[in-house]
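Asker: The structure's right below; bear with me while I get my questions together.
The values are calculated or read from the model by the stated rules, or taken from the named source; none is laboratory data. What you see is a predicted model; the values in this text were computed from it and never measured. Note: ideal-geometry Cβ built from the backbone for every residue, glycine included; neighbour counts use all protein chains shown.
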Amino acid sequence: MGRCVATCERGSPINGLITIPHMMPPYPVMCYAAGCPHLAAFKIAARWSDGLTVELKTYSLACEKCLPQLFARSVSKQAECRLAPGETLESPGIYDLHRGDRDHQLARRPDLEQSLTTASIPSA
């Protein structure tokens, strides 16, 4: 008697089993601010390295409304970080968040960083 092989749109048959596709189904990426119901539009992250590996360390994901608050909190958290010998950690930056983009594909927004940094400095 032959073995039944099931197929579906999301998988392909291998030895009678269905494989899971490589991509996760889309899900909403929400703002990290407590109680905020909005989708995240920005990633707040800092470039970290141990001397061999370089990656973005995420501090927060923010909607436009919560960005100033979450960026200020991220800057404070970064200032408190203690690094091991050989590690480096840049200041947090703001990146446009787009579904499916990897960290190296995200566009940094120095204009937003500058405006938020300037806005948080009290004038004399």
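Asker: Would you point out which residue out of 74, 115 is buried (at least 18 other Cβ atoms within 10 Å of the Cβ) and assigned to a helix (DSSP H, G or I)?
Answerer: Criteria check complete, one pass: 74.
Asker: Tell me the residue from 98, 22, 104 that is modelled with pLDDT under 95, in a helix (DSSP H, G or I) and not polar (S, T, N, Q), please.
Answerer: 104
Asker: Related question: Within segment 76-124, which residues are hydrophobic (A, V, I, L, M, F, W, C) and either more than 19 Å from residue 55 (Cβ to Cβ) or in contact (Cβ under 8 Å) with a residue 24 or more places away in the chain (or both)?
Answerer: Scanning segment 76-124 gives 79, 84, 89, 94, 97, 106, 112, 116, 119, 121, 124.
Asker: Here is a further query. Residues 37, 28: which one is modelled with pLDDT of 95 or more and exposed (fewer than 10 other Cβ atoms within 10 Å of the Cβ)?
Answerer: Answer to the check: 37.
For every residue, the table says whether it meets (1) within 16 Å of the chain's Cα centre (by Cα); (2) at pLDDT 95 or above; (3) farther than 14 Å from residue 34 by Cα.
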position	(1), (2), (3)
53	no, no, yes
59	yes, yes, yes
66	yes, yes, no
92	yes, yes, yes
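Asker: Further question on the same structure: Considering only segment 40-73, state which residues are of a type in the set (S, T, N, Q) and closer than 17 Å to residue 30 by Cα.
Answerer: 58, 60, 69
Asker: Does any residue of segment 28-43 turn out to be part of a loop (DSSP other than H, G, I, E, B), in contact (Cβ under 8 Å) with a residue 12 or more places away in the chain and among the aromatic types (Phe, Trp, Tyr)?
Answerer: Yes: one or more hits.
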